[in-house]
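What follows is calculated from the coordinates using simple rules that are stated; it is not laboratory data. Everything quoted here is computed from the prediction, not taken from an experiment. Cβ: placed from backbone, ideal geometry, glycine included. Neighbour counts: every protein chain shown.
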Amino acid sequence: MSFTLACALADRVAAAAPLITGMTEYQREDCHPVRPMPITVLAGTADPAQSFGGAQGLVGRLLSVPETMDYWRSLHACTGRTARPLPHRDAADKTRITLIEWNGCHAGGRVRLFRVEGGGHQIPSFATDSGEEGVKRFGLRNRDIETADELWAFFKDISR
């Protein structure tokens, strides 16, 4: 839904933060924002519910997260990219986060991805895990960042 809103309501929504999914091919085809939309995406590479690598469904295709990010990079004509690992806070946590940011984008077109290496269908948080059953069902949760804090840091200086 966040991708759909970013595409259809760019004149009313300041920025978007889709979590743990790529776009569908239909969303990409219908996406014509009226201005560069700041977007930050967070996705786990080992997500059992929304494959980081995309998936073919019965009525369309889920794009991979890299394809989705390439769409936004291209849409905003970004010319460069940086990637840096975020500090790892918990030795028992088997996941890691790489923050990828595209630069040289059209004015206002910030594009970034929190790539959670080994992360599942759970947003990173300092909160306790969902237990063994939750890990079996949703995959691993990263404990290096608090997602709400990172999203606020992204959104707080953006206005419409």
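Sub-6 Å Cβ pairs linking a first residue in region 54-78 that is surrounded by fewer than 16 Cβ atoms within 10 Å (Cβ to Cβ) to a second residue that is part of a loop (DSSP other than H, G, I, E, B) and not aliphatic (A, V, I, L, M), at least 6 apart or interchain, are A77/H106, ordered by first then second residue. In this structure, I145 qualifies as more than 15 Å from A17 (Cα to Cα), under 18 Å from the mean Cα position of the chain (by Cα), assigned to a loop (DSSP other than H, G, I, E, B) and of a type in the set (A, V, I, L, M, F, W, C). Considering region 1-21, the residues that are part of a loop (DSSP other than H, G, I, E, B) and touching a strand residue (DSSP E or B) at 6+ places or on another chain (Cβ under 6 Å) include one that is surrounded by the fewest Cβ atoms within 10 Å (Cβ to Cβ), namely A17. Screening I97 on (1) crowded, with 17+ Cβ neighbours inside 10 Å; (2) touching a residue at least 60 places away in the same chain (Cβ under 8 Å) shows it passes everything except condition (2). The number of residues in region 120-139 that are part of a helix (DSSP H, G or I) and either within 20 Å of the chain's Cα centre (by Cα) or surrounded by 14 or more Cβ atoms within 10 Å (Cβ to Cβ) (or both) comes to 4.
Note on region 145-160: residues that are within 21 Å of R81 (Cβ to Cβ) and either among the small types (G, A, S) or buried (at least 19 other Cβ atoms within 10 Å of the Cβ) (or both) total 3.
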